[in-house]
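**Q** Here it is, the structure in full.
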Amino acid sequence: MLPAGEGVPARRPGYDALPMTGPGFCAAGLTEAEAAARLRADGPNELSCEKPRTLLGSALQVLKEPMLLLLLAAGGVYLVLGDHEEALTLLFFVVVIIAITIVQERKTERALAALRDLTSPRALVIRDGTRRRIAGREVVRGDVLVVAEGDRVPADALLLESAHMEADESLLTGESVPVRKRAATGRPSPSRPGGDGLPFLYAGTLVVRGHGIAEAAATGPRSEIGRIGVALADLGPERTRLEREVSRIVRIVAVLGLGLCGALVVLYGATRGDWLKGLLAGIALAMAVLPEEFPVVLTVFMAMGAWRISRSGVLTRRLPAVEALGAATVLCSDKTGTITENRMRVARLWAPGALHVLDGEALPEAVHAVVEFGILASQRDPFDPMERAFHRLGGEALEGTEHLHGGWSLVREYPLSPELLAMSHVWRSPDGGRLVVAAKGAPEAVADLCHLDPGVTAEVRAHAAEMGADGLRVLAVARAFFDPAELPPKQHDFDFGLLGLVGLEDPVRSGVPEAVAECGGAGIRVVMITGDSPDTARAIGRQLGLPDHVTTGAELEAIADADLERRAGEVRVFARVAPEQKLRLVHALRARGEVVAMTGDGVNDAPALKAADIGIAMGARGTDVAREAAALVLTGDDFASIVAAIRLGRRIYENLRRAMGYVLAVHVPVAGLSLLPVLLGWPMVLFPIHIVFLELIIDPACSLAFEAEPGDPGLMRRPPRRPEAPLFDARLVAVSVLQGASLLAASVAAFRIGMLHTGSEATGRALAFVALIAGNVALILVNRSWQRGILGTLATRNRASWAVVAGAVLTLAAALLVPFFRGIFRFGAVAPHDAALAAAAGFLSLAWFEALKLVGPSWLRER
């Protein structure tokens, strides 16, 4: 027996009993020198990650934004002109914008860091003949690993010695049932995870039964989980259609605006001889035309939407996913832990002459022995989910009866073997009488142990096949008695009698069938993708109302990409699917033009989650890797909350269109007030300080009012919007431009009348600003709904809109009454009645749109 290393208990069940022999096994393991050399050659047993961008790097990146460059240019011009107050005010806005942007950018992806944590648990290795506990990152190729029940495997390894070992590989394969392992004979070629009887262990998987000795074969990025991490690193997050559309519009308008800016500078300088003021006029026009509010409003809108969605139990990790939710056409869902509870339970019991379906009622006496001996054939404190199901049922149904035997002592254990898929426990009762033997395993194996006649065997197989067709995992239970004597070497030497069959299931989560049905009503196709067997997948799909047709991973492997696109549009259930096939399915669906939402919880789901338009990870049961790769995380793993998130996503998109329409409309008077005075030889109305003040305070605040607008009750009874449908369609652009032109006319009139009436351009400028702010309020109120009139809109609860109105009034009052602000804004004194007339002109400039809601053309109605 090997001596215990530092920090390793001298006696731990499952370690010290291990034989130290096997093909190619060296009891001494690697030497420390050999391990150090391999660590230098291969690198640590972890995944590398990109270095985060420094604070200075982030700030320099933000400073490349056109809006900030314009603000810096305007601040420089004011410094040259000696206007230090205005220059410092603009520079203050620059600092605020940089700070906000950096805070958002520091929330970077941490998927690779989560993978490093998962692939680097503590490991027990044999080096220089001594067992040592080391950090998982220090495990190297060729290390001898000692693993036992409850251990996380630190590296891909070849199993040299095994005592009835089973491993939970659901993180890699999606299979909900642990798989059996056997010791290697010779040096087999490496194999992918999945299926029983393989002599390989895989990094990140969990040993749920037995113990063994293995030789590390692949570490870090060369392991199975490492390859997933590399694929995850290669998949950069793609921008959504909305982001791409907004960016395209910003680029087009920016090019036109900068062209107008240059022409205005030349015109002002050539006609008035003041090139610095011409530069200020050009900068003001560029700021007025440049639609940098679009991405700002989009970000604010998505952030508020994320907060609102979080109240439904969904956390948002990537903000663009919020708007993409409303366009989702396909929801791909992993089965284990997402649709189902990832917790085995006994669903059906059969004893000769008795069949019982568990539905909350008391167990009939005829099946008590099946449960009793199923527990006796299990570990006392099991990791295996099926054995936990036996114990759970015994505690619920047999508590206080003579069928539970906590005082019995285990005499011997006969493990599973490739030749006989059954296991037996031999027990001694406190009275010291006959030994009791409990066996459980595959029905055909237990039938063989019991030496059943052909008729009974056929009956057992028929009942087992019926349970299997319903997606249940079927085990048979038997018992034998043995007089105290030398125990036989094999299970076959006992005289077993069959007790019955047990059907176990991973139950569907409560509310999932209803959620799937609601998705169907909303035009969203639910597709289940699982690593489990076709029978299990078909049975679960039947409970969800999905078609019975199932396509397997083996069939997918033989399908060309073009055929896969067609198949992906027809099939609703996929079984025995490998991780790379999940990713391929996502790509096939997206190639069809679908907007794909993908749910998952395991490491194997991470690449598909990241490649999907909307990756949705489970928060409670999911792995860190899945959560970090996904765009959304369900905090309570409640599938039904996905439907609530989609409903909110649709509402957010509709309200976002109204908010963007408002921004487009308000640009028209701002740009007009920057351009017309120069063309007409008037004094400048708006300076950069006015424009940046409007854009950084009024516009983002207005987006809150639109975001808070309640959604249409029929949102989930209409199909998803067309993925290619533009945000800025002809109807939205036409209405917004007409609204903006109306407000421009009112603001120009206020400026000219005010200047002519008082003889002061500063007073005229103040009155134009009053009309512009009042028109802002009107734009918000009339655009909150294109169907309800303004009175109906005001009656609809929306506290944010009232907060915006109050903020606009207070802002205007401060600009007109506080000397400091009045000086910065270059406003003159304004009589109360003049201010009231200007405000009325701005507000009533949108009256025509209210009339159109009642008698206007059908194209104004929202569709």
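The values are calculated or read from the model by the stated rules, or taken from the named source; none is laboratory data. Quick caveat: nothing in here was measured; it's all calculated off a predicted structure. When we count neighbours, we look across all protein chains shown, and the Cβ atoms used for this are built from the backbone with ideal geometry, even at glycine. These accessible areas exclude ligands, DNA and RNA; they are computed on the full protein's heavy atoms, side chains included. Shrake-Rupley method; radii C 1.70, N 1.55, O 1.52, S 1.80 Å.
**Q** Are any residues in the range 489-505 within 38 Å of the chain's Cα centre (by Cα) and open to solvent by 10 Å² or more (accessible area, probe 1.4 Å), and if so, which ones?
**A** Selection gives Glu505 alone.
**Q** Now for a separate question. Would you mind finding the one in Glu518, Glu459 that is at pLDDT below 95, within 20 Å of Leu349 (Cβ to Cβ), open to solvent by 50 Å² or more (accessible area, probe 1.4 Å) and assigned to a helix (DSSP H, G or I)?
**A** One residue alone meets the criteria, Glu459.
**Q** Do we have any residue at all in the range 701-723 that's within 21 Å of Ala851 (Cβ to Cβ), crowded, with 24+ Cβ neighbours inside 10 Å and touching a helix residue (DSSP H, G or I) at 6+ places or on another chain (Cβ under 6 Å)?
**A** Checked against the condition, which is being within 21 Å of Ala851 (Cβ to Cβ), crowded, with 24+ Cβ neighbours inside 10 Å and touching a helix residue (DSSP H, G or I) at 6+ places or on another chain (Cβ under 6 Å), the range 701-723 yields no hits at all.
**Q** Is it fair to say Phe849 is open to solvent by 10 Å² or more (accessible area, probe 1.4 Å), among the aromatic types (Phe, Trp, Tyr) and in contact with a helix residue (DSSP H, G or I) (Cβ under 8 Å, 6 or more places away or on another chain)?
**A** no
**Q** Suppose we filter the range 134-191 for residues that are assigned to a loop (DSSP other than H, G, I, E, B), open to solvent by 10 Å² or more (accessible area, probe 1.4 Å) and of a type in the set (Val, Ile, Thr); how many remain?
**A** 2
**Q** Give the residue that is modelled with the lowest pLDDT, with candidates limited to residues of the range 328-339 that are crowded, with 24+ Cβ neighbours inside 10 Å and out of contact with any Ser or Thr (no Cβ under 8 Å at 6 or more places or on another chain).
**A** Here the residue is Ala328.
**Q** I would also like to ask the following. Filter the range 434-447 down to the residues that are closer than 19 Å to Pro488 by Cβ and touching a residue at least 40 places away in the same chain (Cβ under 8 Å), then identify the one that is farthest from the chain's Cα centre (by Cα).
**A** So, considering only residues that are closer than 19 Å to Pro488 by Cβ and touching a residue at least 40 places away in the same chain (Cβ under 8 Å), the one farthest from the chain's Cα centre (by Cα) is Arg434.
**Q** Which of the following residues is of a type in the set (D, E, K, R), farther than 29 Å from Ala588 by Cβ and assigned to a helix (DSSP H, G or I): Arg348, Arg343, Arg308?
**A** Arg308
**Q** In the range 397-433, which residues are under 16 Å from Val371 (Cβ atoms) and under 43 Å from the mean Cα position of the chain (by Cα)?
**A** Ala397, Leu398, Glu399
**Q** Filter the range 462-515 for residues that are of a type in the set (Val, Ile, Thr) and either closer than 20 Å to Asp359 by Cβ or part of a helix (DSSP H, G or I) (or both) and give the result.
**A** Matches in the range 462-515: Val474, Val502, Val508, Val512.
**Q** For the range 112-133: of the residues being at pLDDT below 80 and open to solvent by less than 20 Å² (accessible area, probe 1.4 Å), which is farthest from the chain's Cα centre (by Cα)?
**A** Thr119
**Q** Something else about it: One residue is enough: does the range 687-696 have a residue meeting the conditions surrounded by fewer than 22 Cβ atoms within 10 Å (Cβ to Cβ) and within 32 Å of the chain's Cα centre (by Cα)?
**A** Yes, the conditions are met somewhere in the range 687-696.
**Q** Kindly provide the set of residues from the range 461-488 that are touching a residue at least 60 places away in the same chain (Cβ under 8 Å), more than 40 Å from the chain's Cα centre (by Cα) and within 24 Å of Pro415 (Cβ to Cβ), ordered by number.
**A** Matches in the range 461-488: Val477, Ala478, Arg479, Leu487.
**Q** Does the range 328-335 contain at least one residue that is aliphatic (A, V, I, L, M) and either in a helix (DSSP H, G or I) or without any contact (Cβ under 8 Å) to a residue 60 or more places away in the chain (or both)?
**A** Among the residues of the range 328-335, not one is aliphatic (A, V, I, L, M) and either in a helix (DSSP H, G or I) or without any contact (Cβ under 8 Å) to a residue 60 or more places away in the chain (or both), which makes the answer no.
**Q** For the structure I just gave you, tell me whether Pro513 is surrounded by fewer than 18 Cβ atoms within 10 Å (Cβ to Cβ) and touching a helix residue (DSSP H, G or I) at 6+ places or on another chain (Cβ under 6 Å).
**A** yes
**Q** Could you please give the count of residues in the range 413-434 that are in a strand (DSSP E or B) and in contact with a His (Cβ under 6 Å, 6 or more places away or on another chain)?
**A** Counting residues in the range 413-434 that are in a strand (DSSP E or B) and in contact with a His (Cβ under 6 Å, 6 or more places away or on another chain) gives 1.
**Q** Another question, if that's okay. Of the conditions (1) more than 30 Å from Ala734 (Cβ to Cβ); (2) out of contact with any helix residue (DSSP H, G or I) (no Cβ under 9 Å at 6 or more places or on another chain), Leu854 clears all except one; give me its number.
**A** For Leu854, the failing item is (1).
**Q** Then there is this: Would it be correct to say that Leu410 is part of a loop (DSSP other than H, G, I, E, B), among the aliphatic types (A, V, I, L, M) and open to solvent by 20 Å² or more (accessible area, probe 1.4 Å)?
**A** no
**Q** Within the range 724-741, which residues are open to solvent by less than 30 Å² (accessible area, probe 1.4 Å) and within 17 Å of Ile780 (Cα to Cα)?
**A** Leu732, Val735, Ser736, Gln739, Gly740
**Q** Have a look at Val437, Val370 and point out the one that is buried (at least 18 other Cβ atoms within 10 Å of the Cβ), aliphatic (A, V, I, L, M), modelled with pLDDT of 90 or more and not in a strand (DSSP E or B).
**A** Val370
**Q** Taking the condition of being surrounded by fewer than 17 Cβ atoms within 10 Å (Cβ to Cβ) and in contact (Cβ under 8 Å) with a residue 12 or more places away in the chain, how many residues in the range 356-365 meet it?
**A** 1
**Q** For Phe301, all conditions in the list (1) at pLDDT below 80; (2) out of contact with any helix residue (DSSP H, G or I) (no Cβ under 7 Å at 6 or more places or on another chain); (3) within 30 Å of Pro719 (Cβ to Cβ) hold save one; what is the number of the exception?
**A** With respect to (1) at pLDDT below 80; (2) out of contact with any helix residue (DSSP H, G or I) (no Cβ under 7 Å at 6 or more places or on another chain); (3) within 30 Å of Pro719 (Cβ to Cβ), Phe301 is out only on (2).
**Q** Output the residues belonging to the range 340-353 that are over 17 Å from Glu396 (Cβ atoms) and at pLDDT 90 or above.
**A** Within the range 340-353, Trp350, Ala351, Pro352 meet the criteria.
**Q** Could you go through the range 530-551 and let me know if any residue there is open to solvent by less than 10 Å² (accessible area, probe 1.4 Å), more than 21 Å from the chain's Cα centre (by Cα) and of a type in the set (Ser, Thr, Tyr).
**A** Within the range 530-551, one or more residues are open to solvent by less than 10 Å² (accessible area, probe 1.4 Å), more than 21 Å from the chain's Cα centre (by Cα) and of a type in the set (Ser, Thr, Tyr).
**Q** Now for a separate question. Take the residues in the range 754-765 that are surrounded by 17 or more Cβ atoms within 10 Å (Cβ to Cβ) and touching an Asp or Glu at 6+ places or on another chain (Cβ under 9 Å), then tell me which one is farthest from Arg647 (Cα to Cα).
**A** That would be Thr758.
**Q** Hey, another quick one. Taking Pro352 as the residue in question, decide whether it is open to solvent by 20 Å² or more (accessible area, probe 1.4 Å), out of contact with any Cys (no Cβ under 9 Å at 6 or more places or on another chain) and not basic (Lys, Arg).
**A** yes
**Q** May I ask you to list the residues in the range 297-316 that are more than 17 Å from Arg650 (Cβ to Cβ) and surrounded by 20 or more Cβ atoms within 10 Å (Cβ to Cβ)?
**A** Once the filter is applied, which keeps residues that are more than 17 Å from Arg650 (Cβ to Cβ) and surrounded by 20 or more Cβ atoms within 10 Å (Cβ to Cβ), the range 297-316 yields Val297, Val300.
**Q** Are any of the residues in the range 746-766 acidic (Asp, Glu), touching a residue at least 60 places away in the same chain (Cβ under 8 Å), under 28 Å from Leu794 (Cα atoms) and in a helix (DSSP H, G or I)?
**A** Within the range 746-766, not a single residue is acidic (Asp, Glu), touching a residue at least 60 places away in the same chain (Cβ under 8 Å), under 28 Å from Leu794 (Cα atoms) and in a helix (DSSP H, G or I).
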